[in-house]
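This report refers to the structure that appears directly beneath it.
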């Protein structure tokens, strides 16, 4: 029996006395592909950061692969790409190979040596994301979209069992975005990689993800996109907005 990658129980997060997340209950099974959507300020990024232990919990608990978060040590099972804020400086002293390889060797003891198998793995993931031609270039000299794809490669290169992505496609052009969605579908189906994908777009998540989590400081909805569209509770919550989301999806 496989271990459940993630459980969140009665999670509350506060910031300067205000409740950011309230009584979040979530069970993520192995192989789930969950799109996390909601309005600005709804707590999407905070939820991901809380799962990773990057923000303190006011109450509740997070369980990762059967262990309480504060006891969990096997972080190589988890890949994470945070929300993009700024581009890397042109003087950043690392090329694409080195940045992506860091995703493989960061957790290893010193000396952190690269093997031939590591180099092959880096080459494979760069090819999968359509950026094999960037291998030797300095990351600071790449465009914002190219940098984002390199950072995606770093998050994916060690083949994590649980992948957390916070609006990873914002700097990508439409063609690259579709390539990335196709790649996620591939690893979700063939490797059973569990994916949590923060997005501002429920229509896109309805197309690609197996489940939709709609947050508005609490769990408004968690289930399949079809169930979202058929739910009378969601009709009352969204009104005409629900019809527009589901119509565009169809």
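The values are calculated or read from the model by the stated rules, or taken from the named source; none is laboratory data. No experiment lies behind these values; they were computed from the predicted model shown. Using ideal geometry, Cβ is built from the backbone for each residue, glycine included, and neighbour counts are taken over all protein chains shown.
Among 104, 163, 152, 126, which is the only one that is buried (at least 19 other Cβ atoms within 10 Å of the Cβ) and assigned to a strand (DSSP E or B)? Let's see the steps before the verdict.
Working: 104 fails: assigned to a strand (DSSP E or B); 152 fails: assigned to a strand (DSSP E or B); 126 fails: assigned to a strand (DSSP E or B).
Exactly one of 104, 163, 152, 126 is buried (at least 19 other Cβ atoms within 10 Å of the Cβ) and assigned to a strand (DSSP E or B), namely 163.
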Notebook entry, point to check: If only one of 155, 209, 132, 171 is closer than 30 Å to residue 12 by Cβ and in contact with a helix residue (DSSP H, G or I) (Cβ under 7 Å, 6 or more places away or on another chain), which one is it?
Noted result: 155
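Checking the structure you have, find out if any residue of the stretch 130-144 is more than 15 Å from residue 98 (Cβ to Cβ) and at pLDDT below 85. Break it down stepwise before answering.
Start the filter on the stretch 130-144 by keeping residues that are more than 15 Å from residue 98 (Cβ to Cβ), which leaves 130, 132-133, 143-144.
When the remaining residues are screened for being at pLDDT below 85, the result is 143-144.
So far as the stretch 130-144 goes, yes, one or more of its residues are more than 15 Å from residue 98 (Cβ to Cβ) and at pLDDT below 85.
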Margin query: So residue 205 passes all but one of these: (1) crowded, with 17+ Cβ neighbours inside 10 Å; (2) within 17 Å of the chain's Cα centre (by Cα); (3) within 22 Å of residue 124 (Cα to Cα). Which condition number does it fail?
Written below: (3)
Notebook entry, point to check: Could you count how many residues in the stretch 203-239 are assigned to a strand (DSSP E or B) and free of Cβ contacts under 8 Å to residues at least 40 places away in the same chain?
Noted result: 2
Checklist line | Number of the condition not met by residue 24 [criteria: (1) out of contact with any helix residue (DSSP H, G or I) (no Cβ under 9 Å at 6 or more places or on another chain); (2) modelled with pLDDT of 95 or more; (3) surrounded by 16 or more Cβ atoms within 10 Å (Cβ to Cβ); (4) farther than 22 Å from residue 191 by Cβ] | finding: (1)
Next item on the list: Quickly run through the stretch 185-202 and pick out the residues that are buried (at least 22 other Cβ atoms within 10 Å of the Cβ) and either within 15 Å of residue 245 (Cβ to Cβ) or without any contact (Cβ under 8 Å) to a residue 12 or more places away in the chain (or both).
Entry: 199, 202
Checklist line | Candidates 60, 38 - the one that is over 15 Å from residue 165 (Cβ atoms) and surrounded by fewer than 18 Cβ atoms within 10 Å (Cβ to Cβ) | finding: 60
Margin query: Just checking, does the stretch 218-225 include any residue being modelled with pLDDT under 90 and under 17 Å from residue 79 (Cβ atoms)?
Written below: no
Checklist line | Filtered residues of the stretch 67-95 (kept if under 20 Å from the mean Cα position of the chain (by Cα), modelled with pLDDT of 75 or more and outside any strand (DSSP E or B)) | finding: 69, 72, 73, 74, 75, 76, 77, 82, 83
Checklist line | Checking residue 182 against (1) without any contact (Cβ under 8 Å) to a residue 24 or more places away in the chain; (2) more than 30 Å from residue 96 (Cβ to Cβ); (3) outside any strand (DSSP E or B), the condition it does not meet | finding: (2)
